[in-house]
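K.L.:
Okay, handing you the structure first.
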Amino acid sequence: MQPVIELADVDLTLGEGAARVHVLKGVSLSIAPGETVSLLGPSGSGKSTLLMTLAGLERPDAGVVRIDGRDLGVLSEDELARFRGAKIGVVFQSFQLIPTMTALENVAVPLELAGKGDAFAIAEAELAAVGLSHRLSHYPTQLSGGEQQRVALARALAPDPLILAADEPTGNLDSETGASVIDLIFAQQKRRGATLVLVTHDPGLAARCGRRVRLRSGRIESDSA
């Protein structure tokens, strides 16, 4: 079976001048369709940068990133944005909702921009799937942290992506709210058969994934089931 995510000898340096940091060092990783993978490691180990790189949000300095067989390195910025919008859903720790848009608009507008004719109907169904049918017309400031993260999850899942990339999705939530959001992420991943890649500091959460990849100083230290 062809991997849905394939990284080969990926190097990435961030920052300029004296602030330059070699974040990823020769990282190679292969993930099969439908796998659940957690990325673990101390702060500064490169796990969030690795997630952003496989999600097409950071371009490596060297090496190859292939998603669903496509080499992201040969795509223009516009082609990469379209490809990412169709194939990869990203959930951030900080929600990243647009404050001037309602919950429904936050989910629908990216679909509209991608040319989906039934964007608002899809958005409504996705918000219902995360238990927010009663909050469609609410703005982010009118929603709790847990509700905002559910909107962000609905937005990530609305294009029915092959890959769901989640960067510390419970980092800004209390433990009870975070647990319910995580349950929702795993339930939606299972229902859709998507590949889940999850950055976390929480060993208990990491253990819910079928595979745990641990990073240290920009390199993969261990990779275990």
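K.L.:
Quote to one decimal, in nm, the extra length available between ALA81 and GLU112 on full extension: 0.36 nm per residue of separation minus the C-alpha distance between them. Before the final figure, lay out each step's value.
P.N.:
Values: separation 31, 0.36 × 31 = 11.16 nm, distance 1.41 nm.
Gain in length upon complete extension: 9.8 nm.
K.L.:
Work out the charge dipole of the chain with +1 on the Cβ of Lys and Arg and -1 on the Cβ of Asp and Glu about the Cα centre, then indicate which of LEU75, LEU196, GLY146 is farthest towards its positive end.
P.N.:
LEU196
K.L.:
Toward the positive end of the charge dipole of the chain, about the Cα centre and with charges on Cβ (Lys, Arg +1; Asp, Glu -1), which of LEU215, MET101, GLY44 goes farthest?
P.N.:
LEU215
K.L.:
Let me ask something else. Averaging sequence separations of C-alpha pairs under 8 Å and six or more residues apart, then dividing by the length of the chain, give the relative contact order as a whole percent.
P.N.:
On the way: 438 pairs, mean separation 64.9, N = 225.
Over the chain, the number comes to 29 percent.
K.L.:
Okay, moving on. How far is helix 77-87 tilted, in degrees, relative to the longest principal axis of the Cα atoms in the chain, given as a value from 0 to 90 rounded to the nearest 10?
P.N.:
For 77-87 against the chain, the angle is about 70 degrees.
K.L.:
Of the GluC sites (Glu not before Pro) in the range 1-76, which ones lie in a loop per DSSP and count no more than 16 other C-beta atoms within 10 Å?
P.N.:
Values: sites: GLU6, GLU16, GLU35, GLU58; in loops: GLU16, GLU35, GLU58.
Sites meeting the loop and neighbour criteria: GLU16.
K.L.:
Taking only protein heavy atoms into account and a 1.4 Å probe, give the accessible area per residue of the range 1-159 in Å². It would help to have the intermediate numbers written out before the result.
P.N.:
Working: 7210 Å² over 159 residues.
Normalised by residue count, the accessible surface of the range 1-159 is 45 Å².
K.L.:
Within the set of other residues whose C-beta is less than 15 Å from the C-beta of SER133, count the net charge using Lys and Arg as +1 and Asp and Glu as -1.
P.N.:
On the way: positive: ARG135, ARG150; negative: GLU124, GLU126, GLU147.
Net charge in that neighbourhood comes out at -1.
K.L.:
Now, a different point. Specify the angular offset, from 0 to 90 degrees and rounded to the nearest 10, of the alpha carbon long axis of helix 103-113 from the longest principal axis of the alpha carbons in the chain.
P.N.:
Rounded to the nearest ten degrees, it is 60.
K.L.:
Once the Cα atoms of helix 119-129 and of the chain are each reduced to a long axis, what angle between those two axes, in degrees from 0 to 90 to the nearest 10, is obtained?
P.N.:
90 degrees
K.L.:
Note down the magnitude of the dipole of the range 40-105 about its Cα centre, charges +1 on Lys and Arg C-beta and -1 on Asp and Glu C-beta and zero elsewhere, to the nearest 20 debye. Show your work: numbers first, answer last.
P.N.:
Values: 7 positive and 8 negative charges, 43 e Å.
My answer is approximately 200 debye.
K.L.:
Roughly to the nearest percent, how much of the accessible area of the chain is carbon and sulfur, given a 1.4 Å probe?
P.N.:
On the way: 5110 of 10300 Å².
The nonpolar share, carbon plus sulfur, comes to 50 percent.
K.L.:
Here's another thing I want to ask about it. Let a ≥ b ≥ c be the square roots of the eigenvalues of the Cα gyration tensor of the range 94-225; is it rounded (a/c under 1.5), or, if not, prolate (a/b larger than b/c) or oblate? Write out the running numbers ahead of the final one.
P.N.:
Numbers: a/c = 2.11, a/b = 1.67, b/c = 1.26.
The shape class here is prolate.
K.L.:
Is the shape of the range 1-98 best called rounded, prolate or oblate, per the rule: a/c under 1.5 gives rounded, else a/b larger than b/c gives prolate, else oblate, with a ≥ b ≥ c the square roots of the Cα gyration tensor eigenvalues?
P.N.:
Numbers: a/c = 1.29, a/b = 1.24, b/c = 1.04.
It is rounded, given that a/c, with a ≥ b ≥ c, falls under 1.5.
K.L.:
Follow-up question, since we're still on this one. In the chain, what percentage of the DSSP-assigned beta bridges are antiparallel, given to the nearest 5? Please report the intermediate quantities before stating the final value.
P.N.:
Details: 19 of 36 bridges.
In the chain, DSSP labels about 55 percent of beta bridges as antiparallel.
The values are calculated or read from the model by the stated rules, or taken from the named source; none is laboratory data. Please read all numbers here as calculations on a predicted model, not as lab measurements. With ideal geometry, Cβ positions are generated from the backbone for all residues, glycine too; neighbour counts draw on all protein chains shown. To get the accessible areas, we keep the full protein, side chains included, count just its heavy atoms, and leave off ligands, DNA and RNA. Shrake-Rupley method; radii C 1.70, N 1.55, O 1.52, S 1.80 Å.
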